[in-house]
Every structure is written in C-alpha cells, then in structure tokens.
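Trainee: Before I ask anything, here is the structure I am working with.
The numbers here are math on the coordinates, done by the rules we state, and not lab data. Because the structure is predicted, anything quoted here is derived from the model rather than measured. No Cβ is skipped: glycine too gets one built from the backbone with ideal geometry, and neighbour counts run over all protein chains shown.
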Ligand code: FER
C-alpha cells in the first residue's frame, strides 16, 4: 500500500491538472470580440537552403506589437492534411490569443505558422500519405533550424534564446514538435505535442537521456482527445516520461482528432508559455 502512495506522490506533479487553473477553454474563447485590441497576421517568404525554394510562412504579431521591444516566439505546426494556412483557417489562433491577451492571461508572443512539409511541392494535394510527403515532415527539422528560425530572427524583434522559443503542433506537427524539440533542447525550452501522430519517435529514441531533458525543459506538454485513435502514441510517451521522472503535463480531454481539441489545446498551452 505504502508503495502505491509513494508512487502516486511521485507522479502527481507530472500528471494532468496539477498546473492547470482551468480544465477546458470557456465558451466564447474563440469568438471574435469587437472592442479589444487585435493582433495582425503577416505573410512572408523565405529562402530555404534545405528545400532550394522560396517558402511561405505566416506570422501573427500580438496586439500593440512594438518593434522597440523583444518578443518570445511560438512555432505552431500543422497536420498531414494541412499547410501554413491550416491553423489560421481552422483554428483561428489569432482570435484565441487576442482574447487571452484581453483577459491578461498570456504573455505577448509571436506565433509563426510555417509549412512543415519541406519539399518543392509543399501543398497538401494528391496522396497526402505518400512516402516522399511524409518524409518531408522529417526534412522540415533542417528547414526550421537552419532557414526559418534565422529568417524570423532577422525580420522581427525577438528574443533569441531557448527560454523564449516554443515549438508545438497538431498530429504530424505534434510528432515534429516532440521529435525536433526534444532532439534540440538547446533551441527549444517549451514543447507541445497535440494528438501526436505516428511520425513521433519511439519513447526511448525520443528521450534517450531523460536526465538532460529533466534539467533543461521549461515545459513539456502532451495532450490528446480521449476518443482519438492515435491516443496510444501520447500515452506511450507519457508512460515513458513518468517512468523516467521527466516532468511533463499529460492532458487528456474529451474529443477526437479534430480542431475542437486543438483549439482547446492552444488555449491551455499558450497560457503556460514564457512564464515562471
Ligand atoms: C498515420 C496516421 C495519421 C500517419 C500520420 C497521421 C504518417 C497523421 C494525421 C494528421 O496529421 O492529422 O498512420 O502516418
């Protein structure tokens, strides 16, 4: 019995809810509100040495964006059926974040919405599960680290430090965030996998050195809808992290593999970013 109580005490800080003030986003969190300051979405193209093309990225700047200040950055990644417009069209992150700022609930940050399919034709057309297209999601690690981040840091007044850089995404983008984030803990301090897909590395490969991750990370967030067929990926990752006592949040919410869940994730996750 004592053994179980000790185990529970050890696991408690790492599991759902401990750090979360709210269980879910309240009604209206994603409604466009008049009479509050709004952020802005820019469309930019950057030269990708990785792909050898010019690639498009969207960048949300927060309400009252001031070029004399320096901001933290969240890189927010799409899924297998999406592109750089997926979050904007289906997840309205600009509305969710404007509302959070208006309520004083989140730190001002830039949100970069890249295209995570790093290949010449990066549209989500044809067979989106084709081998070359799936591989392009892995190639994006180089594009992100060597092309996109340096570009963003030249174009915008941002804090160039792991403590002010977050990486999160949905499904394929969740797998990318866990793979690239945990593989580059000196680059990203805040990592979120929403309903992470089978591109997620196996736990032992993802976190070969739990001690390093335990020391370095500011936040590791893993979430999934309780009716999502891909739950086993998040659950296996969570189990491994718990076993190796790596602090993280495992947030299970009602829902499937869809934007209702991912909007809620963004609402919850973004409030934790860049805070003590
Ligand atoms: C798979 C199932 C789902 C897979 C990818 C996904 C690469 C991605 C889903 C998404 O991004 O929504 O077997 O293999």
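Trainee: Tally up the residues in segment 253-264 that are within 13 Å of residue 22 (Cα to Cα) and either surrounded by fewer than 22 Cβ atoms within 10 Å (Cβ to Cβ) or touching a helix residue (DSSP H, G or I) at 6+ places or on another chain (Cβ under 8 Å) (or both), please.
Mentor: The qualifying residues number 1.
Trainee: Can you report the number of residues in segment 265-276 which are closer than 18 Å to residue 90 by Cβ and either within 16 Å of the ligand (Cβ to nearest atom) or surrounded by fewer than 21 Cβ atoms within 10 Å (Cβ to Cβ) (or both)?
Mentor: Of the residues in that region, 2 qualify.
Trainee: Moving on. Can you find a residue in segment 169-184 that is out of contact with any strand residue (DSSP E or B) (no Cβ under 8 Å at 6 or more places or on another chain) and closer than 28 Å to residue 89 by Cα?
Mentor: Initial filter on segment 169-184 (out of contact with any strand residue (DSSP E or B) (no Cβ under 8 Å at 6 or more places or on another chain)): 179, 183-184.
The next check asks that each one be closer than 28 Å to residue 89 by Cα; those that pass are 179.
There is at least one residue in segment 169-184 that is out of contact with any strand residue (DSSP E or B) (no Cβ under 8 Å at 6 or more places or on another chain) and closer than 28 Å to residue 89 by Cα.
Trainee: For residues that are within 14 Å of the ligand (Cβ to nearest atom) and touching a residue at least 40 places away in the same chain (Cβ under 8 Å), scanning just segment 103-132, find the one that is surrounded by the most Cβ atoms within 10 Å (Cβ to Cβ).
Mentor: Taking segment 103-132 first, the residues within 14 Å of the ligand (Cβ to nearest atom) are 115-117, 124, 127-132.
Now drop any that are not touching a residue at least 40 places away in the same chain (Cβ under 8 Å), which leaves 115-116, 124, 128-129.
Working: 115: 26, 116: 32, 124: 16, 128: 15, 129: 9.
Looking at the filtered set, the residue picked out is 116.
Trainee: If I filter segment 71-102 down to residues being away from the ligand (no atom under 16 Å from the Cβ) and touching a helix residue (DSSP H, G or I) at 6+ places or on another chain (Cβ under 6 Å), which single residue comes out as nearest to residue 26 (Cα to Cα)? Please lay out each step first, then the result.
Mentor: Within segment 71-102, the subset away from the ligand (no atom under 16 Å from the Cβ) is 71-75, 88, 92-102.
Applying the additional criterion that residues be touching a helix residue (DSSP H, G or I) at 6+ places or on another chain (Cβ under 6 Å) yields 72, 93, 96.
Working: 72: 25, 93: 15, 96: 11 Å.
Across segment 71-102, the extreme among qualifying residues is 96.
Trainee: Right, here's the next one. Can you go through 121, 127, 147, 143 and tell me which one is more than 17 Å from the chain's Cα centre (by Cα) and closer than 18 Å to residue 179 by Cβ? Even if it seems obvious, please write down each step before you answer.
Mentor: Working: 121 fails: closer than 18 Å to residue 179 by Cβ; 127 fails: closer than 18 Å to residue 179 by Cβ; 143 fails: more than 17 Å from the chain's Cα centre (by Cα).
Exactly one residue qualifies, and that residue is 147.
Trainee: Output yes when any residue across segment 169-183 is under 19 Å from the mean Cα position of the chain (by Cα), farther than 24 Å from residue 256 by Cα and surrounded by fewer than 17 Cβ atoms within 10 Å (Cβ to Cβ), and no when none is. Explain how you work it out, then say what you get.
Mentor: Our first condition is that a residue be under 19 Å from the mean Cα position of the chain (by Cα); within segment 169-183, this holds for 169-183.
Next, only the ones that are farther than 24 Å from residue 256 by Cα stay: 180-183.
Now restrict to residues that are surrounded by fewer than 17 Cβ atoms within 10 Å (Cβ to Cβ): 183.
Yes, because at least one residue in segment 169-183 is under 19 Å from the mean Cα position of the chain (by Cα), farther than 24 Å from residue 256 by Cα and surrounded by fewer than 17 Cβ atoms within 10 Å (Cβ to Cβ).
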